[in-house]
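S.K.: Please read through the structure below; I'll follow up with questions.
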Amino acid sequence: MLQDNDVQAVERLHEAYHHITRELARAIVGQEQVIEQLLIAMFARGHCLLVGVPGLAKTLMIRSVADALTLDFSRIQFTPDLMPSDITGTEVIQEDKSTGSREFRFLPGPIFANIVLADEINRTPPKTQAALLEAMQEHQVTAGGKRHQLTEPFFVLATQNPIEQEGTYPLPEAQLDRFMFNVMVDYPDEEEELEIVRRTTADLEAKITATLDADQIVDLTKIVRKVPIAEHIARYALKLARLTRTQQPDAPDFIKEYVMWGAGPRASQYLVLGAKARAVLQGRYYASQEDIRAVALPVLRHRIKTNFNADAEGVTTDEIVRRLIDTVPRVVEGPEDDASAGAILADVIRPKDAG
């Protein structure tokens, strides 16, 4: 339920979003959709996987976001010899010089930061990849039988190179499912690439002005879950996720032909959360079907497992999701009824019994 102070929070978050994107434009050329999806995931308290070839400023983008949000930033370069304790931290024996007694002391690893960049996450063995699971899901680390809470807010933003498979360890589906979004970072167009060349070959250094601090971000992210969503919009998200499963009687033929495993319940949850976060960042107080459709690709593309037929014919998960979006009809034909949505919102913000 949105109250008057929540409405003000939505307005602050909307203004902050525009300020953040303006500041990021100082360091990043183009990639507006990638930045939008990255910020949607973060303000929905989700983790994000960025996939793209080298040189597309994935690392710079994540570092710039941390600077714009005044958050502690930590970069972990994933390598084949990286150990779990190199990420989470380890216990060491420390001697008290006054008494001579010794005790174990926990030394936090680089995961104890607000934004953790897991660079080339598929270059480290599964044992080390799994060290992220507890932290991503529970926001805590267990070492020596003791639990250590991570600082809030906490986001894992991982990068992955899709073109090199030698010496890599593909992420298991269980870990992929922990990421709210799988964002594809594509090549820039000609004019954007020309601007990149101009900036990076001149004596220029982009300065990013901080917008929000950690406490403000924690407060503002709470508003996302309070955003109302109509039942027919939620059912639309549910249908998109459920129709990716081949065992569904009403699943489209192309799903049964090309899909081995469909998306699980997290897909429905993240479709709704992503839609709510997108609505708030755009200054709206309710999620629409267009918001659901806008986040469908980053939510579903890594939650669909294609079969041999798809691999043989070169059918990608992106193609499957796009066909699914085109196949599933809108619950309400035509444009959204803004008048009705506004009336519902008025009741939500100021309930009738409030006087």
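S.K.: FRET efficiency for Glu290 and Thr200, Cβ-Cβ distance as r, R0 = 45 Å, nearest 0.05?
M.R.: Efficiency computed from Cβ-Cβ geometry: 0.80.
S.K.: Ordered by packing density, taken as the mean number of other Cβ atoms within 10 Å over each peptide's residues, highest first, how do 87-94, 293-300 rank?
M.R.: 293-300, 87-94
S.K.: Return the Cα extents of the chain along principal axes one, two and three, sorted largest first, each rounded to a whole Å.
M.R.: Computed over the Cα atoms, the extents are 74, 61, 51 Å.
S.K.: Could you work out [θ]222 nm for the chain from helices alone, using -39500 (n - 2.57) per DSSP H run of at least four and dividing by all its residues? Round to the nearest 500 deg cm²/dmol.
M.R.: -14000 deg cm²/dmol
S.K.: As a test, work out the antiparallel percent of DSSP beta bridges whose residues both lie in the chain, rounded to the nearest 5.
M.R.: Antiparallel: roughly 45 percent of the beta bridges in the chain.
S.K.: Right, another one. For region 166-224, rounded, prolate or oblate, judged on the Cα gyration tensor with a ≥ b ≥ c (square roots of eigenvalues), a/c < 1.5 rounded, else prolate if a/b > b/c?
M.R.: On the way: a/c = 2.55, a/b = 1.16, b/c = 2.19.
Cα axes put region 166-224 in the oblate bin.
S.K.: Separate question: What does the net charge come to around Trp261 if you take all other residues with beta carbon closer than 10 Å to its beta carbon, with K and R at +1 and D and E at -1?
M.R.: Net charge in that neighbourhood comes out at +2.
S.K.: Full-extension gain between Gln77 and Thr246, please, as 0.36 nm times their residue separation minus the C-alpha to C-alpha distance.
M.R.: Extra length available between Gln77 and Thr246 comes to 57.1 nm.
S.K.: Search the structure for amide H atoms under 5 Å from the amide H of Val259, placed 1.01 Å from N in the peptide plane, and list their residues when 5 or more places away or on another chain.
M.R.: Long-range HN contacts for Val259: Asn307.
S.K.: How large is ³J(HN,Hα) for each residue in region 69-84, as worked out from phi by the Karplus curve 6.51 cos²θ - 1.76 cosθ + 1.60 (θ = phi - 60°), to whole Hz, x for Gly and Pro?
M.R.: Here the 3J(HN,Hα) series is 10, 6, 10, 5, 10, 9, 10, 10, 8, 6, 9, x, 9, 6, 9, x Hz.
S.K.: Sticking with this one: Apply the Debye scattering formula to region 105-246, with a single equal point scatterer on each alpha-carbon and no solvent, then give log10 I(q)/I(0) at q = 0.16, 0.22 Å⁻¹.
M.R.: -1.23, -1.32
S.K.: Rounding to the nearest 20 debye, state how big the charge dipole of the chain is about its Cα centre with +1 on each Lys and Arg Cβ and -1 on each Asp and Glu Cβ.
M.R.: Once rounded to the nearest 20, the dipole reads 1040 debye.
S.K.: Could you check the simple spin-label distance between Glu231 and Asp186, using points 7 Å along Cα→Cβ, in nm with one decimal?
M.R.: Reported label-point gap for Glu231 and Asp186 is 3.9 nm.
S.K.: Follow-up. Please list, ordered by chain and number, the residues whose modelled amide H lies under 5 Å from the amide H of Val183; skip anything fewer than 5 residues away on the same chain.
M.R.: Leu49, Leu50, Val51
S.K.: Next question. Apply the Karplus curve 6.51 cos²θ - 1.76 cosθ + 1.60, θ = phi - 60°, to the phi angles in region 224-229 and return the couplings in whole Hz, x for Gly and Pro.
M.R.: Values, residue by residue: 4, 6, 8, 5, x, 9 Hz.
S.K.: Mind checking region 125-230 for GluC sites (Glu not before Pro) that DSSP puts in a loop (not H, G, I, E or B) and that have at most 14 other Cβ atoms within 10 Å?
M.R.: Hits after loop and neighbour filter: Glu164, Glu166, Glu205.
S.K.: Whole-Hz Karplus ³J(HN,Hα) for region 192-209, in order, using 6.51 cos²θ - 1.76 cosθ + 1.60 and θ = phi - 60°, x for Gly and Pro?
M.R.: 5, 5, 5, 5, 4, 4, 4, 5, 7, 9, 10, 7, 10, 9, 6, 10, 9, 8
Rule-based calculations on the coordinates, nothing more; no lab input. Note that the structure is predicted; figures quoted are calculated from it, not measured. Every residue, glycine as well, gets a Cβ built from its backbone with ideal geometry; the counts of neighbours run over all protein chains shown.
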